[in-house]
1. Looking at (1) outside any helix (DSSP H, G or I); (2) under 24 Å from VAL183 (Cα atoms); (3) open to solvent by 10 Å² or more (accessible area, probe 1.4 Å), which is the one condition that is false for ASP58?
2. Here is a list: LEU67, LEU134. Which entry is farther than 19 Å from ASP57 by Cβ and modelled with pLDDT of 95 or more?
3. Any residue in the range 179-191 that is open to solvent by 10 Å² or more (accessible area, probe 1.4 Å), touching a residue at least 60 places away in the same chain (Cβ under 8 Å) and on the phi < 0 side of the Ramachandran plot?
4. What number of residues within the range 96-107 are closer than 27 Å to HIS232 by Cβ and surrounded by 24 or more Cβ atoms within 10 Å (Cβ to Cβ)?
5. Is at least one residue of the range 179-197 assigned to a strand (DSSP E or B) and over 17 Å from the mean Cα position of the chain (by Cα)?
6. Step by step: first the residues of the range 68-89, then only those that are part of a helix (DSSP H, G or I) and within 17 Å of the chain's Cα centre (by Cα), then the one that is surrounded by the fewest Cβ atoms within 10 Å (Cβ to Cβ). Which residue is that?
7. Can you tell me how many residues in the range 206-219 are open to solvent by 10 Å² or more (accessible area, probe 1.4 Å) and not charged (D, E, K, R)?
8. All but one of (1) more than 15 Å from GLU182 (Cβ to Cβ); (2) surrounded by fewer than 17 Cβ atoms within 10 Å (Cβ to Cβ) hold for LEU163, so report the exception by its number.
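The values are calculated or read from the model by the stated rules, or taken from the named source; none is laboratory data. Everything numeric here is computed off the predicted structure, so don't read it as measured data. Every residue, glycine as well, gets a Cβ built from its backbone with ideal geometry; the counts of neighbours run over all protein chains shown. Accessible surface is based on the protein model in full, side chains and every heavy atom, while ligands, DNA and RNA are left aside. Shrake-Rupley method; radii C 1.70, N 1.55, O 1.52, S 1.80 Å.
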Amino acid sequence: MNDKLRIRVWNEGVHEANNEPSHIGEIYPDGIHGAIAAGLRSYYPEAEITTAVLATDDEHGLDEEVLAETDVLLWWGHVAHHEVSDAVVERVHRHVLGGMGLIVLHSGHFAKVFTKLLGTTCSLAWRNDGERELVWTVKPSHPIAEGVDSPIVIPEQEMYGELFDIPDPDDLIFISSFAGGEVFRSGVTFTRGKGRIFYFSPGDQEYPVYHHPQIQRVLANGVKWAAQPQLHRSIPEVTNPSRDWFGEP
């Protein structure tokens with residue numbers, strides 16, 4: 001794995017700031033973003049892994065300079081999607097189209113930038129009864145599934161169920177089943193412009209899911225897959241080449 005990656009882990013940080021749920025400080029003493037970053041550091045000890053939250057600054061820690069120096073952005077959101085600046089959304093959207101990797105986590109399916117990139121509501125069914133989730137690998141040949149148990153057993157988790165209103169993904173890698181009977185496309189990839197996007201659903205604020213070794217493995221694999229550090233960051237543009245540009249008669 002490439003240790004020289006530049007990774008930014010973004011989290012609203014609202015649950016932590018408001019101590020909701022009351023035990024979030026016990027399961028995530030350094031915040032959800034801190035737990036995700038710690039898991040990634042175990043795989044990429046030499047990488048530049050930084051974190052930011054909504055209240056970091058007026059640009060939520062996602063200004064132009066930061067994004068230009070980010071190979072992969074991980075995004076966790078839930079209760080404050082509406083508070084994310086439209087200017088920041090446009091900036092992240094532009095960088096993804098230009099080639100920055102984006103990993104969207106759990107309730108980030110409703111993040112402004114995710115719905116903008118996918119062009120659908122991203123609505124789903126949910127129930128938070130602390131049910132067992134089994135994450136089944138359905139495309140073991142995909143790099144994100146490398147070394148991942150099938151199933152990953154998560155003792156307690158919020159249920160996400162179909163219908164998940166997303167476009168047909170490029171790759172369906174994981175499907176989750178829940179004790180209540182529902183199933184969910186919990187690990188999917190998309191390509192938008194030059195950028196690679198991975199959505200992965202396990203990881204509610206109520207449960208210590210991001211400490212799970214297999215979840216950490218999935219996220220590390222996702223970072224490796226989404227990163228394109230050698231790619232020139234630019235949005236695909238309209239061109240108008242002359243007829244003889246190729247140089248052949």
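1. Condition not satisfied by ASP58: (2).
2. Values: LEU67 fails: farther than 19 Å from ASP57 by Cβ.
Going through LEU67, LEU134 in turn, the sole match is LEU134.
3. Residues of the range 179-191 open to solvent by 10 Å² or more (accessible area, probe 1.4 Å): 179-183, 185, 191.
If we keep only those that are touching a residue at least 60 places away in the same chain (Cβ under 8 Å) as well, we get none.
No, the range 179-191 contains no residue that is open to solvent by 10 Å² or more (accessible area, probe 1.4 Å), touching a residue at least 60 places away in the same chain (Cβ under 8 Å) and on the phi < 0 side of the Ramachandran plot.
4. Initial filter on the range 96-107 (closer than 27 Å to HIS232 by Cβ): 96-104.
Keeping just the survivors that are surrounded by 24 or more Cβ atoms within 10 Å (Cβ to Cβ) gives 96, 100-104.
Total satisfying the criteria: 6.
5. Yes - at least one qualifying residue is present in the range 179-197.
6. Start the filter on the range 68-89 by keeping residues that are part of a helix (DSSP H, G or I), which leaves 68, 81-83, 86-89.
Narrowing further to those that are within 17 Å of the chain's Cα centre (by Cα): 81, 88-89.
On the way: HIS81: 18, VAL88: 20, VAL89: 20.
Ranking the candidates gives HIS81 first.
7. Counting residues in the range 206-219 that are open to solvent by 10 Å² or more (accessible area, probe 1.4 Å) and not charged (D, E, K, R) gives 7.
8. (1)
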